[in-house]
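The structure under discussion appears below in the form of structure tokens.
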Amino acid sequence: MSKRVLFIATLHHPEQLQKDRANTPTDQPTPLFPTSMGQHYWERVFRKNGYAVDVFWRNLSGFGDNDIASLSAHVHTQGITPRKVFDAALRRLPPTLNPDIQRRNQRLLDQAQQFKPDIIWLSGDNTVILPETLAQLKTTHHCKILYVSGVSPIVFSHPIERQAARLYDLVLVNDYYHGIQWLELGAKQMECLPYVAIDPDFHYPKPKTDVPNDYLCDIAFVGTLVPDNLYSERVAALDALRDFDLGIWSVHDIPESLKPFHRGYALGDEMMQVLSSAKISLNIHGDFMRYGGNMRLFETAAVGTFQIVDNRPGVTTWFEADQHLVIFEDLKKLQEKVQYYLDNATERQHIAEIARQHVLAYHTYDNRLTQVEHLLDNL
């Protein structure tokens with residue numbers, strides 16, 4: 001089996017990575033990814049199984065010094081901002097005429113020449129790495145390209161991602177419908193295999209004692225809520241629960257109606273503490289995930305917290321409704337089920353514990369790696 005994996009990704013939480021690196025014991029390898037990104041756990045499981053790993057941060061300037069301290073966290077907002085105007089204008093410039101993009105692609109080729117990857121792990125939302133660069137990587141290193149995405153190519157993908165689809169040896173998606181779209185764009189093979197999972201060393205129940213009072217609530221939601229056209233179902237569900245003890249954590253902007261419930265943001269270990277401290281975790285998929293399979297499904301189960309989830313086909317593919325979690329069909333049912341399970345703590349806790357045992361048995365990153373290795377070996 002190939003043993004050298006080069007991640008091509010965007011660093012979304014540079015401040016979290018710096019914090020994680022500062023807290024890493026000297027006898028452990030310095031992490032490539034922050035604990036707030038799913039790739040961190042893939043990095044861990046690859047290393048554990050003898051793989052060499054490296055990362056190319058495509059959002060670092062091509063003319064900078066490759067220092068992640070130069071990056072800042074990206075915050076989604078509803079309105080027009082100078083950054084949105086700048087980004088829109090930049091997207092109108094063909095990548096082949098953008099000297100910064102050209103420089104980043106050359107840096108990737110130079111890094112790959114040193115690392116000599118067997119597998120390229122290309123994370124979704126690629127607006128930087130050109131199809132011709134990926135083609136050159138395949139020709140030079142005879143590597144396989146694994147494209148990994150949790151979002152819809154119709155809604156989110158950039159033209160250069162779609163143009164490169166025929167170079168992708170395998171596309172991993174959480175949502176089955178997204179995989180079909182990538183096949184239609186020319187990808188050789190897709191697998192609906194949630195690339196998110198759990199790491200038992202990190203995803204486990206945190207004690208509810210000696211935590212900030214803000215962490216304690218009946219219902220917790222952690223995630224993105226803007227723009228409205230992508231997360232309207234999340235906003236509607238949370239609006240329906242305004243009369244409950246509701247806590248919302250998000251690094252991004254918050255709709256006006258929900259700002260009274262915003263308690264800050266939670267990344268990495270803090271997010272695990274927030275989820276552990278709530279009685280109920282509300283898990284609503286984005287409007288663009290019609291099949292389902294987000295990170296919170298597995299993380300919430302791993303920390304032993306009861307979750308209520310919107311009804312998506314994938315949810316009942318990986319979990320059994322009313323045994324591992326509870327699903328709802330409409331907002332009235334959501335309100336009724338929230339109230340019922342708040343009133344029935346023993347039943348709520350039993351379901352949460354069964355869910356935790358389930359993900360420990362079937363949805364660890366070790367499980368996922370075994371499946372990915374099988375897929376790659378049979379390409």
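No value in this document is a laboratory result; all are computed from the given coordinates. These numbers come from a predicted model, not from an experiment. Counting neighbours? That spans all protein chains shown, and the Cβs are built from the backbone with ideal geometry, glycine included.
Tally Lys/Arg at +1 and Asp/Glu at -1 over every other residue whose Cβ is under 9 Å from the Cβ of N283; what's the total?
Details: positive: R296; negative: D310.
Overall, the nearby charge balance is 0.
Give me the tail of P(r) for the chain as a percent: Cα-Cα pairs with distance above 34 Å.
On the way: 19757 of 71631 pairs.
Everything past 34 Å amounts to 28 percent.
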Unsatisfied cross-links (Cα-Cα over 30 Å) in the set K3/K188; K19/K138; K144/K206: K19/K138; K144/K206
Spin-label model distance (nm) - D210 vs D330, 7 Å beyond Cα toward Cβ: 4.8
Pairwise label distance in nanometres, Q371 with I154, each label 7 Å out on the Cα-Cβ vector: 2.4
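In the calculated pair distance distribution of segment 294-379, what percentage of Cα-Cα distances lie above 22 Å? Walk me through the numbers on the way to the answer.
Working: 1156 of 3655 pairs.
Roughly 32 percent, once rounded to a whole number.
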Selected from T316, T35, T24 as most flexible by GNM, with the chain as the system and alpha-carbon contacts under 10 Å: T24
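So if we plug the beta-carbon distance of E233 and I180 into 1/(1 + (r/R0)^6) with R0 = 25 Å, what FRET efficiency do we get, rounded to 0.05? Before the final figure, lay out each step's value.
Values: r = 21 Å, r/R0 = 0.86.
The pair E233/I180 has a calculated efficiency of 0.70.
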Normalised contact order of the chain, rounded percent, pairs of Cα under 8 Å and 6 or more residues apart: 14
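For the chain, with only Lys/Arg (+1) and Asp/Glu (-1) charged at the beta-carbon, what is the dipole magnitude about the Cα centre, in debye rounded to 20? Please list the in-between numbers first.
Values: 37 positive and 46 negative charges, 208 e Å.
Value, rounded to 20: 1000 debye.
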For I198, residues with placed amide H under 5 Å, excluding near neighbours: T364, Y365
Segment 213-362 - Rg and Dmax from Cα coordinates, angstrom: 14.0, 41
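Per the helix-only calculation at 222 nm, which mean residue ellipticity applies to the chain, given -39500 (n - 2.57) for every DSSP H run of n ≥ 4 and division by its residues, nearest 500 deg cm²/dmol? Before the final figure, lay out each step's value.
Working: 14 runs with 149 residues, N = 379.
Result for the chain, helices only: -12000 deg cm²/dmol.
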Among F298, F306, F202: highest mean-square fluctuation, GNM of the chain, C-alpha pairs under 10 Å: F202
Segment 213-362 - percent relative contact order, Cα under 8 Å, separation 6 or more: 22
Computed log₁₀ I(q)/I(0) - Debye formula, equal Cα scatterers, no solvent, segment 1-46, q 0.16, 0.18, 0.28 Å⁻¹: -0.45, -0.56, -1.12
